[in-house]
Amino acid sequence: MDVMLKFKNEFFEERKDLLNKNHVYRNNITKFIKYLSLPEVQLSNAPARININVIEECIRYYHNEGELNSRSTMEFHLESVKSFYDYLSETGKATDIFSNYNYSKFKDEIVEKYGLLEPVERGSYKCEDIKTILIELDKAIDNFQDGSAGVREEERHLQRIILRLFIKLTLIAPAKRSVIAGIKKSDFTEEYKKLSINGINVNIPCGLSRDLCAALKYAESKNKESVKEGDNLFEYLYKYKGKFRVESLNTWFYNIAQDFGVMEHECKGKKTLAVEPIKNMAIQMMVDNMINPVFISKIAGLTLTMIESTYYPKDWSAKREEDINKYINKSIAQNDYYCYV
């Protein structure tokens with residue numbers, strides 16, 4: 001039996017709980033092993049020769065086969081293989097080939113290189129609901145008693161800390177979920193008063209700055225080490241609990257909506273609640289404030305065509321302004337949720 005096939009079988013046997021929660025992992029990892037066994041590839045017996053370039057070639061192969069044509073399909077494939085390599089790394093079977101790469105940037109480059117279809121994210125949440133969630137998150141986090149908390153309560157507290165930061169960062173910089181989740185410590189400057197994202201320097205309100213400092217202090221006490229410049233923010237915060245996965249945000253967001261008794265209609269019949277419509281809400285409010293679509297496309301990391309077709313009426317026209325940083329920050333500060341951030 002080939003080495004990688006043997007590793008796959010062991011992964012399937014030892015990580016049954018993970019596979020039961022993520023059904024696509026089994027199929028995508030099987031396809032990855034199948035690719036490694038192709039006559040023109042022949043890497044199923046050479047785990048040391050498999051690197052990030054092999055992962056990209058695998059994506060290219062299935063793209064050419066017509067099986068991988070969208071960002072979402074590609075991301076499911078990558079997440080599956082990444083979880084497999086988490087296991088291989090943890091068990092000493094192979095090194096983690098993803099560890100030295102900017103994962104979000106890697107995915108964006110693949111989308112652009114192979115012309116994968118971007119998802120059209122529809123819908124947005126009500127501003128009042130998001131404000132309520134932020135108020136309740138503040139209360140719950142402030143009232144948490146670390147010394148007397150059990151394991152489940154501690155896990156829920158950490159999820160709430162991460163969600164509060166994710167929501168607030170999305171509100172001040174309405175970028176894609178993968179971009180927000182990819183923020184590093186080095187992206188912050190001036191004692192967490194500014195954030196560089198999608199080439200824009202975004203002002204951070206004092207409340208969010210305090211939340212960031214408090215979250216990092218809490219994580220430092222658990223991780224027993226300080227955050228480094230190159231550390232991913234959310235991976236560092238969740239480090240002492242395990243691997244942070246961006247897909248978990250949708251489950252956590254659903255859980256807090258249930259806990260706080262909000263967004264009942266949106267939660268009905270679901271087990272997760274997408275966080276992307278938070279971004280859509282912030283963008284739509286910038287549109288309603290008559291902000292130049294050129295600026296919105298820049299901070300959102302979306303094409304101008306997509307911004308105009310999704311959020312603007314057909315008769316909209318706008319002029320360029322001189323200082324893009326100034327006008328983006330001004331437009332975001334006009335939004336009704338800003339004082340809650």
Enumerated helices (runs of 4 or more DSSP H) restricted to the range 212-289, each holding at least 3 residues that are touching a Leu at 6+ places or on another chain (Cβ under 8 Å), of a type outside the set (Gly, Ala, Ser) and open to solvent by less than 30 Å² (accessible area, probe 1.4 Å): 233-238, 248-260
Failed item in (1) open to solvent by 30 Å² or more (accessible area, probe 1.4 Å); (2) closer than 16 Å to ALA300 by Cβ; (3) not in a helix (DSSP H, G or I), with GLY147 passing the rest: (2)
Candidates ASP17, ASP86, ASP96, ASP2 - the one that is at pLDDT below 95, of a type outside the set (Lys, Arg), farther than 17 Å from LEU116 by Cβ and touching a helix residue (DSSP H, G or I) at 6+ places or on another chain (Cβ under 6 Å): ASP96
Neighbours by Cβ (under 6 Å, 6+ apart or cross-chain): first from the range 216-236, closer than 17 Å to ASP187 by Cβ; second outside any helix (DSSP H, G or I): LEU216/VAL227; ASN232/LYS184; LEU233/ILE183; PHE234/PHE244; GLU235/PHE244; TYR236/VAL227
The range 10-29 residues that are within 21 Å of HIS63 (Cβ to Cβ) and in contact (Cβ under 8 Å) with a residue 40 or more places away in the chain, paired with ones that are in a helix (DSSP H, G or I) and open to solvent by 100 Å² or more (accessible area, probe 1.4 Å) (beta carbon under 6 Å, 6 or more apart): VAL24/PHE76
Of all residues making up the range 102-117, the number that are exposed (fewer than 15 other Cβ atoms within 10 Å of the Cβ) and either in contact (Cβ under 8 Å) with a residue 60 or more places away in the chain or hydroxyl-bearing (Ser, Thr, Tyr) (or both): 2
Search result, residues across the range 201-230 that are modelled with pLDDT of 95 or more, of a type outside the set (A, V, I, L, M) and under 18 Å from the mean Cα position of the chain (by Cα): none
MET74, sole failed condition from (1) open to solvent by 50 Å² or more (accessible area, probe 1.4 Å); (2) touching a helix residue (DSSP H, G or I) at 6+ places or on another chain (Cβ under 8 Å): (1)
Subset of the range 1-27 (residues that are under 22 Å from the mean Cα position of the chain (by Cα) and not in a helix (DSSP H, G or I)): ASN22
Filter result (open to solvent by 20 Å² or more (accessible area, probe 1.4 Å) and among the small types (Gly, Ala, Ser)) within the range 298-309: GLY301, SER309
Test: residue in the range 188-199 that is modelled with pLDDT of 95 or more, part of a helix (DSSP H, G or I) and among the aromatic types (Phe, Trp, Tyr): no
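The values are calculated or read from the model by the stated rules, or taken from the named source; none is laboratory data. Please read these numbers as outputs of a predicted model, since none were measured by experiment. Glycine also receives a Cβ, built like all others from the backbone with ideal geometry; neighbour counts cover every protein chain displayed. For accessibility, only protein heavy atoms count, side chains too; no ligands or nucleic acids. Shrake-Rupley method; radii C 1.70, N 1.55, O 1.52, S 1.80 Å.
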